[in-house]
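K.L.:
So that we are looking at the same thing, I have put the structure below in structure tokens.
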């Protein structure tokens, strides 16, 4: 059993519990230490609740990293965005493998530094782009790699949410508050929060590399200063084209991540709110509804599926699948496929490029 | 019973029969004359099939217009796009009301001239943007006008088709052939064919006026010179924003026109392939599925609905509803709401602006 | 152009206009005479509205039948149920082909007599089971006949509506009133109104013959005497089994006719409110969504489809397809497939058997 | 942290791991002992894999029960059906609380004895009817209890699966093998396996008590002796009626549990494969799609929901919710709502009544 420490995830922090549950579900790693909050009392309260030894509860992430270095297998960083960089750095500098929540860091310089650090010290550095853990997302990737839809021509990826259709950040709403605060979220609201998932998934699923983009970021809700909506025109190395739309002000939508990929031999469509199905549209044939389960999944997607077809596997199991790949890599040494710091760096560069494009009235920006 | 003549719609022309069936369904107008083809023999064959008098079959549209001027109530122009302008002009010059297929003309100069001509002579000039005839589209318009979703913030309109995912125009396919021929279709393939429907519907439904756009037109299928896909960033007079996506190369999609409108009090979503339902998403309440029929429709939408709820009304009945409004205007003199030449002119200007923007690498173009 | 007379379908009668529109849509037959009501003034009002000659408007169906016998090609009987028998009889006795609304007659003795009469005089006698006119229903029939789902094992057919979830017949509601009046509807409310559609469709689509049934008819709404809901256990000649459920008290449902057929090689599912799609579930393969249109339809189903895929064809076009088959038979002499008086007779026997079974506490009743 | 032992769930037993994962997810109980197989070597292999002490691995369930009685808080019985009775009995006789997989026992005499034993010794006895753990099922129950759909008139519950559409039991398939073996499954195949879920859920959700039933059990697949399909007509104490359909031979269906409940003020529909949504159809209003999450759930359903709306919660979390209620009862002493041995007894009586009815050609059988 691996041993891990958690940084962040104290009282009221929803996502910390998700990371812990995902790891519990896999049964590969046990939480042994934590710095759950900047407030040691809160850390102690959470630690007690989770049954941790008091002497493995720390006042600061740096202290945790320094003292736990030799005793834990990895650390999980789930603080709010602005603290990702120093916390991950502290861990890496103490030779601790790290899994970090997304989006990765505020600047690509920070992200680049962390990636370099991990590489130099031969440490695993992961970023939890959850949706890549869904079996049907993996199935898309496998099918595209196998050529099932031929050469990709166009990608339409969208991620509308509606929960910020009101100015919640003005009401004392915690989740909305830090996301809408530029100092804490890093200059974007919804682009970092939901747009970043699109950015990760498209190349993950298609194998395409983004070459340039033109973005218009919108602040649709009166009184909001950061973006709560945006559209990005994209072009890829192969000549393929695309469009991304993300929003947190799309009134009445819930968590509508949808990927549509069109190739010269077929199309694929996946909708996160119907996570266990994948619509496959071969050219000139009726569309087929693939179902998560042994009958329809390719071998590369099967390890992401755990219960029989028709017994829905939800978001937490997608989360767990990301951790399983990370832990398998730790355990076996073999490189298993999970979202890395390099992916996180690419994501931060995407955000920077979108911000630049939008400042210049949706002018094109070339990607590295 | 009104009397009408048809120009175009001869052997093999699918859409001519649709116009005739729509008019037959309404029972308001009777076909009495025609010039169905440039080939008089073909016109005679179609005329015989439809039971028309031989002496009311004409070799040229001009002849028809000149000789039928006093005897018919209106003419229907359903030729391929490049002939819309001269044919409509001939009718108007002979004081004949006209309904013309869409897209309207090749250039805005032509469209403007026709609109002026109709205005000067006090003639009705309609353009068959079919989808405005669907009861649930009308319902959207009525609900938005009433304020059901509050002030509009964002519009996402898309219209993917997949039937041109192969280079059909190289195979002798008739429908693909003229659409892909710049001389006949007017410089765009899919923008005119399907994108134009989005252009018409968005202001029709929302009441918004487009102020500027940035468009990237794509030729996704190898060997194709005109656009078969495109994305348009839009901005409206109220400050609202939007994005349009149209395609005829979206492999595996069928006729996927979808309108999503998000306001500060709610959202609305309509999908053409599920035409009799409308998803209404009031802020902070569960979404409701409105069904075409007396129980759910507002008074302004009810005249577009003819059969009980749950008995699907299809595309042909939407078509018929457009004609019903046109004929009601002719019969009663009262101005009933149907898509006009002015709308057609606006549509041509939109196409021109998109072409210009796309030529300039998706630069912004201001609309009149 | 065929000529026809209509019996019934006067002011306020919804379904008369549907029959006329369906025939108008096909363009094969012209209405020339009518007895639209038992009240001659009402017949004259409707006749004037429809542009008929005054001398071809009749006070009684018998008079119409006697005087129009030689001048019309067929008659359409769309009166309320109790008058089907005498009106159809009058037509047949005057050598007029007849299309009659469903359900056919009150008793199987009446239905048998009409069928005999038509056979003796070599007359066409049709019954408008509308749903058989849908292209995807026809597609089901063709696929099953071809063996696409193998030998059928089980049929689940249901038809829930919700519009009689309140005691509308006590409020003066016309449509509810005659349906709930035993003297006019013939001893059943919903079994005749909607259950009869299931009864027709199952053998039409599957080719199975019903051998016995056990039925429980329910009166779910307080104060109602006739059935507004029912369940029928069925067994067929091949050994296949089934269950039917119909209702008009299923609160919140609309017009939910759904057919599911399971064979040893696959399954098929069709839902009337999504009429243009058919779910085909081959054994051990992902389900496919067939779309109405040339790409997916078998040759035997293609004549039922008129517009391109993705342009919905609704209920009225299904109705028109039934009439097209009837008129094609009249015109060509070749026997085209439409629902006949023999089918209507079988339907009345089914109703009688269900009533008998239900009276005997859902005991089994053998069919002919 | 509670401590539990597991009986059954050794190598190759899918459901044992599900129970363990559900408990791990909740973090309320820790596995400390086991008799995973009748073969001690297999028990040792599983125990080693799970990190258990060797001296807490037992050769027989009786030994486990005798020796662990004072040391564990409860036992989980997940053997195949025929062993439920002796294993649960051994636990109860040693004063161990028990959670047992479903269906409960082979005979109602056995079930009754276990229920009595638990009552006498004041022990908790639960049965894992998983689907009751879904938040939207709980929401249905709460809404109905509050009167949202008024007085219930009709219930349509179905549970089609397709995985036994072939004679898998003749191929050496393990899961199919024991289910189709009368000696091990208890006289029914699919009625016990899937029909039993319907039986539990209907009264759970509606509050109705079944008064009589008429059932026809079918063996649709050639060569199969037990039922793989069945239809049950139901009547309830309030006068409400219903129909159940279950199948494991419905070719092409997956895990299609669907509940529809119709009252005089509205209807509700839930489909297990779209677990996070609930269709609420208030009388004379458009249907609403309720989404799992704080905005739409009633207080009584909220504890079953753990992640934000739109982040699907799957089958395993439903399973975990059942265990959470069981463990909360153990921990707090307050009676929390979970499926009990009494429910299991009622389920066995239902199976016996269906078998009796079916033997008597679907004659009515009175319940209790």
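K.L.:
Post the alpha-carbon centroid distance, segment A:341-368 to segment C:1-40, in whole angstrom.
P.N.:
Centre-to-centre (Cα) distance: 66 Å.
K.L.:
Also: Give the percent of DSSP beta bridges with both residues in the protein assembly as shown that are antiparallel, rounded to the nearest 5. All intermediate terms of the calculation are to be shown ahead of the outcome.
P.N.:
Values: 153 of 253 bridges.
So the antiparallel bridges amount to about 60 percent of the total.
K.L.:
In percent, what relative contact order does segment A:1-62 have, based on Cα pairs under 8 Å that are 6 or more apart in sequence? Present the calculation step by step, with values, prior to reporting the outcome.
P.N.:
Details: 92 pairs, mean separation 21.6, N = 62.
Answer for segment A:1-62 is 35 percent.
K.L.:
Give me the three principal axis extents of segment B:135-313 from the C-alpha atoms, as integers in angstrom, largest value leading.
P.N.:
49, 39, 25
K.L.:
Can you compute the FRET efficiency between residue C:283 and residue B:283 using 1/(1 + (r/R0)^6), with r the Cβ-Cβ distance and R0 = 45 Å? Round to the nearest 0.05.
P.N.:
Working: r = 46 Å, r/R0 = 1.03.
For R0 = 45 Å, the calculated efficiency reads 0.45.
K.L.:
If you take the beta carbon distance between residue A:361 and residue B:30 as r and set R0 to 51 Å, what does 1/(1 + (r/R0)^6) give as a FRET efficiency, to the nearest 0.05?
P.N.:
Numbers: r = 55 Å, r/R0 = 1.08.
With a Förster radius of 51 Å, E is 0.40.
K.L.:
Given a Förster distance of 60 Å, report the FRET efficiency between residue A:302 and residue D:146 from their Cβ-Cβ distance, rounded to the nearest 0.05.
P.N.:
Values: r = 43 Å, r/R0 = 0.72.
The computed FRET efficiency comes out at 0.85.
K.L.:
Quickly work out the residue A:3-to-residue C:173 label distance, labels modelled 7 Å from Cα along the C-beta direction, and quote it in nm with one decimal.
P.N.:
If labels sit at residue C:173 and residue A:3, their model points lie 7.1 nm apart.
K.L.:
Step by step: find N for segment A:50-100, compute 2.2 N^0.38 Å, then divide the Cα radius of gyration by it. What's the final number?
P.N.:
Details: Rg = 10.5 Å, N = 51, 2.2 N^0.38 = 9.8 Å.
Ratio of Cα Rg to 2.2 N^0.38 Å: 1.07.
K.L.:
By its C-alpha gyration tensor, with a ≥ b ≥ c as the square roots of the eigenvalues, how is segment C:1-43 shaped: rounded for a/c under 1.5, else prolate for a/b larger than b/c, else oblate?
P.N.:
oblate
K.L.:
Report the Cα centroid-to-centroid distance between segment C:166-195 and segment A:252-313 in angstrom, as an integer.
P.N.:
A separation of 46 Å, based on Cα centres.
K.L.:
Does segment D:138-209 come out rounded, prolate or oblate, given a ≥ b ≥ c as the square roots of the eigenvalues of its C-alpha gyration tensor, rounded meaning a/c under 1.5 and, failing that, prolate meaning a/b above b/c? Working shown, then result.
P.N.:
Working: a/c = 3.80, a/b = 2.98, b/c = 1.28.
Verdict is prolate for segment D:138-209.
K.L.:
Enter the mean number of other protein chain beta carbons within 10 Å of the beta carbon of each residue in B:301-307, as an integer.
P.N.:
Numbers: counts 0, 0, 0, 0, 0, 7, 9.
Mean partner shielding for this stretch: 2.
K.L.:
I've got another one for you. Can you tell me the Rg and Dmax of segment D:281-368, counting just the alpha carbons, in angstroms?
P.N.:
19.0, 50
K.L.:
Figure the gain on full extension for residue D:225 and residue D:184 (residue separation times 0.36 nm, minus the Cα-Cα span) and round it to one decimal in nm. Intermediate values should be presented prior to the final figure.
P.N.:
Working: separation 41, 0.36 × 41 = 14.76 nm, distance 1.37 nm.
My answer for the length gained is 13.4 nm.
K.L.:
Below 8 Å, C-alpha to C-alpha, sequence gap of six or more: please give me the relative contact order for chain D in percent. Display every interim value, and only then the final one.
P.N.:
Numbers: 818 pairs, mean separation 71.7, N = 368.
Taking the mean separation of contacting Cα pairs over the length of chain D, I get 19 percent.
K.L.:
Taking just the alpha carbons, could you work out the radius of gyration and Dmax for chain B, both in angstroms?
P.N.:
Calculated on Cα positions, Rg and Dmax stand at 20.3, 65 Å.
K.L.:
OK, next. With label points built 7 Å along Cα→Cβ from the Cα atoms of residue B:116 and residue B:93, find their separation and express it in nm.
P.N.:
According to this spin-label approximation, the distance is 1.5 nm.
K.L.:
Take every Cα pair under 8 Å in segment D:47-175 that's 6+ residues apart, average their separations, divide by the length, and report that relative contact order as a whole percent.
P.N.:
Details: 116 pairs, mean separation 21.0, N = 129.
Computed value for segment D:47-175: 16 percent relative contact order.
K.L.:
Also: When the Cα atoms of segment B:2-130 are enclosed in a convex hull and the volume is divided per residue, what value in Å³ results? Display every interim value, and only then the final one.
P.N.:
On the way: hull volume 12.2 nm³, N = 129.
Per-residue hull volume (Cα only) is 94 Å³.
K.L.:
As a check on your grasp of the helix formula, calculate [θ] at 222 nm for chain C: sum -39500 (n - 2.57) over DSSP H runs of n ≥ 4, divide by the residue count, round to the nearest 500. Spell out each step's value before the answer.
P.N.:
Values: 11 runs with 125 residues, N = 368.
-10500 deg cm²/dmol, from helical runs alone.
K.L.:
Ok, one more. Using only atoms on other chains, find how many Cβ atoms lie within 10 Å of each Cβ of peptide D:212-224 and report the average.
P.N.:
On the way: counts 0, 0, 7, 1, 7, 0, 7, 2, 9, 2, 4, 0, 0.
The shielding value for this peptide is 3.
K.L.:
What value in Å³ per residue do you get for the convex hull of the alpha-carbon atoms in the protein assembly as shown? Walk me through the intermediate numbers first.
P.N.:
Numbers: hull volume 248.8 nm³, N = 1472.
Convex hull of Cα atoms, per residue: 169 Å³.
K.L.:
Antiparallel versus total DSSP beta bridges in chain B: what percent is that, nearest 5? Show your work: numbers first, answer last.
P.N.:
Numbers: 38 of 63 bridges.
Among the beta bridges of chain B, antiparallel pairing accounts for roughly 60 percent.
K.L.:
Moving to a separate point now. If a/c stays under 1.5 just call it rounded; otherwise compare a/b with b/c (prolate if a/b is bigger, oblate if not). Do that for segment D:77-175, with a ≥ b ≥ c from the square roots of the Cα gyration tensor eigenvalues. Please report the intermediate quantities before stating the final value.
P.N.:
Working: a/c = 2.50, a/b = 1.14, b/c = 2.20.
Taking the square roots of the gyration eigenvalues as a ≥ b ≥ c, segment D:77-175 is oblate.
K.L.:
Taking the Cα atoms of segment B:230-309, report the difference between the largest and smallest coordinate on each principal axis, in whole Å and largest first.
P.N.:
Cα extents, longest axis first: 38, 33, 25 Å.
K.L.:
Can you tell me the order of B:148-158, D:235-245 when each peptide is scored by its average per-residue count of other Cβ atoms within 10 angstrom, highest first? Numbers along the way, then the final one.
P.N.:
Numbers: B:148-158: 22.5, D:235-245: 20.1.
Peptide ranking by packing, descending: B:148-158, D:235-245.
K.L.:
Could you calculate, for segment C:212-368, the ratio of the Cα radius of gyration to the Kirkwood radius, expressed as Rg to Rh? Don't jump to the answer; show the numbers that get you there.
P.N.:
On the way: Rg = 18.7 Å, Rh = 18.6 Å.
Taking Rh as the inverse mean 1/r over Cα pairs, Rg/Rh reads 1.01.
No lab work stands behind these numbers, since they all come straight from the coordinates. All figures in this text were calculated on a predicted structure; none of them were measured in a lab. So basically every Cβ, Gly included, is an ideal-geometry build from the backbone, and we count neighbours across all protein chains shown.
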